[in-house]
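Chemist: Mind having a look at this structure? Questions to follow.
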Amino acid sequence: MFESLSDRLGGVFDRLRGRGALTEADVRAAMREVRVALLEADVALPVAREFVDKATEAAIGQNVLRSVTPGQQVVKIVHDALVAMLGADASELLLDVTPPAVVMMVGLQGSGKTTTTAKIAKRLATKERKKVLMASLDVNRPNAQEQLATLGTQVDVSTLPIVAGQQPVDIARRAMQAAKLQGYDVLMLDTAGRLHVDQALMDEMRAVADVASPQEILLVVDALTGQDAVNVAENFSTEVPLTGVVLTRMDGDARGGAALSMRAVTGKPIKFAGTGEKMDALEAFHPERVAGRILG
Ligand code: GDP
């Protein structure tokens with residue numbers, strides 16, 4: 001991931017560093033190349049534009065050009081802008097409430113939602129020693145509830161017993177009750193996906209959120225889908241009060257645009273990155289580290 005973006009930016013920066021003195025025109029030319037590199041990496045157009053405008057302004061102001069190492073300074077400005085773009089205020093889950101804290105997972109079908117639900121549950125159970133209950137509210141996809149139960153067994157996290165024919169909001173209510181009565185710290189709700197964003201899905205999300213009052217509503221999106229992921233995130237974020245994003249398939253050869261656009265488009269930080277199919281292939285998202293990787 002990020003390889004070609006990283007190569008492109010590396011080329012721009014090498015030329016900048018190599019020049020010694022820099023003029024405003026040099027900076028503007030370099031920033032145009034940065035913009036092209038971002039667009040080629042599938043960064044949403046308005047996001048790329050704003051990024052480059054801000055970075056250009058910073059680079060030609062602040063006496064950067066008169067400094068001893070203008071190239072270095074410009075690179076630093078781009079680095080800082082990248083960190084801001086990725087969400088410098090990223091945080092892990094905020095579950096500091098009277099238990100049970102509720103984490104609701106939303107996203108399109110196939111985005112990796114169920115897998116991610118189990119990965120996060122495992123992380124909370126092992127790293128933070130939380131008592132976690134998972135419940136699938138997906139009554140549309142055959143075997144979705146069983147899939148979560150199987151993953152639960154695999155990661156040693158309890159799942160709500162399946163009751164055939166129950167609707168999502170009723171399952172959510174039952175899950176809340178079970179979590180309260182049985183002293184769980186965290187309840188994870190895996191909601192139904194859809195092939196596309198549609199109104200029925202959004203209505204269902206809102207009804208579930210009303211019943212469960214989640215502390216976290218995490219949108220799961222597939223990083224490999226690039227611009228589509230950005231559009232999906234935009235749609236979801238206007239319909240449900242997201243608290244964060246999980247990007248899956250960061251182990252694939254995504255160009256990075258989804259990761260770079262997500263914060264600007266949803267206003268919410270990326271909290272985790274999925275890096276494989278295995279249950280421990282989940283990493284906290286660190287904008288500094290990711291920016292470091294992109295800029296080599
Ligand atoms: P859902 O329909 O959104 O619940 O999607 P699933 O959780 O069933 O995931 C769909 C497929 O994507 C499964 O084969 C997962 O193993 C796979 N998957 C999920 N997350 C990742 C990831 O971060 N990396 C990779 N390589 N595969 C993933």
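Chemist: I'd like to verify a number: residues in the range 54-69 that are crowded, with 19+ Cβ neighbours inside 10 Å and modelled with pLDDT under 85, how many?
Modeler: Number satisfying all stated conditions: 1.
Chemist: In this structure, does Leu148 turn out to be touching a residue at least 60 places away in the same chain (Cβ under 8 Å) and either among the aliphatic types (A, V, I, L, M) or closer than 20 Å to Asp96 by Cα (or both)?
Modeler: Judged against the criteria, Leu148 is not a match.
Chemist: A further question on this structure: Going through the range 182-201 one residue at a time, which ones are over 16 Å from Lys113 (Cα atoms) and either at pLDDT below 95 or not small (Gly, Ala, Ser) (or both)?
Modeler: Those that are over 16 Å from Lys113 (Cα atoms) and either at pLDDT below 95 or not small (Gly, Ala, Ser) (or both): Gln182, Tyr184, Asp185, Val186, Asp198, Gln199, Ala200.
Chemist: Follow-up question, since we're still on this one. Looking at the range 157-193, which of its residues are part of a strand (DSSP E or B) and of a type outside the set (Ser, Thr, Tyr)?
Modeler: Hits for the range 157-193 are Val186, Leu187, Met188, Leu189, Asp190.
Chemist: Return only the number of the condition from (1) within 13 Å of the ligand (Cβ to nearest atom); (2) at pLDDT 95 or above; (3) buried (at least 21 other Cβ atoms within 10 Å of the Cβ) that Gln147 does not satisfy.
Modeler: Among (1) within 13 Å of the ligand (Cβ to nearest atom); (2) at pLDDT 95 or above; (3) buried (at least 21 other Cβ atoms within 10 Å of the Cβ), the lone unmet condition for Gln147 is (3).
Chemist: Any residue in the range 272-283 that is away from the ligand (no atom under 14 Å from the Cβ), basic (Lys, Arg) and out of contact with any helix residue (DSSP H, G or I) (no Cβ under 6 Å at 6 or more places or on another chain)?
Modeler: no
Chemist: Shifting gears a bit: Applying the selection to the range 269-292, what residues are in a helix (DSSP H, G or I) and under 17 Å from the mean Cα position of the chain (by Cα)?
Modeler: Those that are in a helix (DSSP H, G or I) and under 17 Å from the mean Cα position of the chain (by Cα): Pro287, Glu288, Arg289, Val290, Ala291.
Chemist: What are the pairs with Cβ atoms under 7 angstrom where one residue, in the range 271-291, is touching a residue at least 40 places away in the same chain (Cβ under 8 Å) and the other, located anywhere, is among the acidic types (Asp, Glu) and more than 10 Å from the ligand (Cβ to nearest atom)? Sequence gap at least six, or different chains.
Modeler: Lys271/Glu92; Ala284/Glu92
Chemist: Checking Asp156 against (1) under 18 Å from Thr116 (Cβ atoms); (2) of a type outside the set (S, T, N, Q); (3) surrounded by 21 or more Cβ atoms within 10 Å (Cβ to Cβ), which single condition isn't satisfied?
Modeler: Only one criterion in (1) under 18 Å from Thr116 (Cβ atoms); (2) of a type outside the set (S, T, N, Q); (3) surrounded by 21 or more Cβ atoms within 10 Å (Cβ to Cβ) is unmet by Asp156, namely (3).
Chemist: So, in the range 71-115, exactly how many residues are buried (at least 21 other Cβ atoms within 10 Å of the Cβ), within 16 Å of the ligand (Cβ to nearest atom), in a loop (DSSP other than H, G, I, E, B) and not polar (S, T, N, Q)?
Modeler: Residues flagged as buried (at least 21 other Cβ atoms within 10 Å of the Cβ), within 16 Å of the ligand (Cβ to nearest atom), in a loop (DSSP other than H, G, I, E, B) and not polar (S, T, N, Q) within the range 71-115 amount to 2.
The values are calculated or read from the model by the stated rules, or taken from the named source; none is laboratory data. For clarity, every value in this text was computed on a predicted model and none was experimentally measured. Using ideal geometry, Cβ is built from the backbone for each residue, glycine included, and neighbour counts are taken over all protein chains shown.
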